[in-house]
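To start, the structure under review is shown below, and the notes come after it.
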Amino acid sequence: AVPGGIAESTYVLDPGADPSQIRLQYNVPVEIDQTGKLVMNFETGQMIESAPVAWQDINGHRLPVVASFHRTGDQQVGFALGEYNPAYTLTIDPTLTWNTFLGTGGTDYGYSIAVDGSGNLYVGGQSGAG
């Protein structure tokens with residue numbers, strides 16, 4: 001998991017499973033930035049997922065596996081992986097780390113804003129239907 005992550009999707013593949021069968025479909029075009037993060041731009045904001053991390057637990061040791069997003073279409077990604085042992089369980093773990101969605105297409109009012117000790121931002125207000 002990525003510190004400060006908003007949501008996490010973890011894919012645990014049984015021994016022998018084919019990770020190339022994993023496809024993540026989005027309703028907007030996706031980009032992979034120079035740091036390997038998955039970026040989705042919507043009319044009302046942006047979502048960013050961290051570059052995935054992957055590993056295998058073998059004989060009591062957690063062994064990292066090189067992992068990255070791989071575009072399989074304008075609105076679809078899968079995972080590209082380095083060498084791993086298919087005889088053991090494989091875990092792939094990207095994390096949603098940022099989004100800028102706030103409000104609606106209608107009238108929005110921001111009445112208060114606060115930041116907590118962990119750096120999380122909170123906005124209080126009202127959103128009307130657009």
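The values are calculated or read from the model by the stated rules, or taken from the named source; none is laboratory data. In this text, all values refer to a predicted model and were calculated from it rather than measured experimentally. When we count neighbours, we look across all protein chains shown, and the Cβ atoms used for this are built from the backbone with ideal geometry, even at glycine. All accessible areas refer to the heavy atoms of the entire protein, side chains included, with ligands and DNA or RNA removed. Shrake-Rupley method; radii C 1.70, N 1.55, O 1.52, S 1.80 Å.
Tabulated results
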| quantity | calculated |
| --- | --- |
| Nearest-10 value in Å² for the accessible area of Thr44, using the 1.4 Å probe | 80 Å² |
| Distance between modelled label sites at Tyr122 and Arg62, nm, 7 Å Cα→Cβ extension | 3.0 nm |
| By average C-beta atoms within 10 angstrom, highest first, the peptides 63-74, 48-59, 26-37 | 48-59, 63-74, 26-37 |
| Of all accessible heavy-atom area on the range 29-87, the percent that carbon and sulfur account for (1.4 Å) | 50 percent |
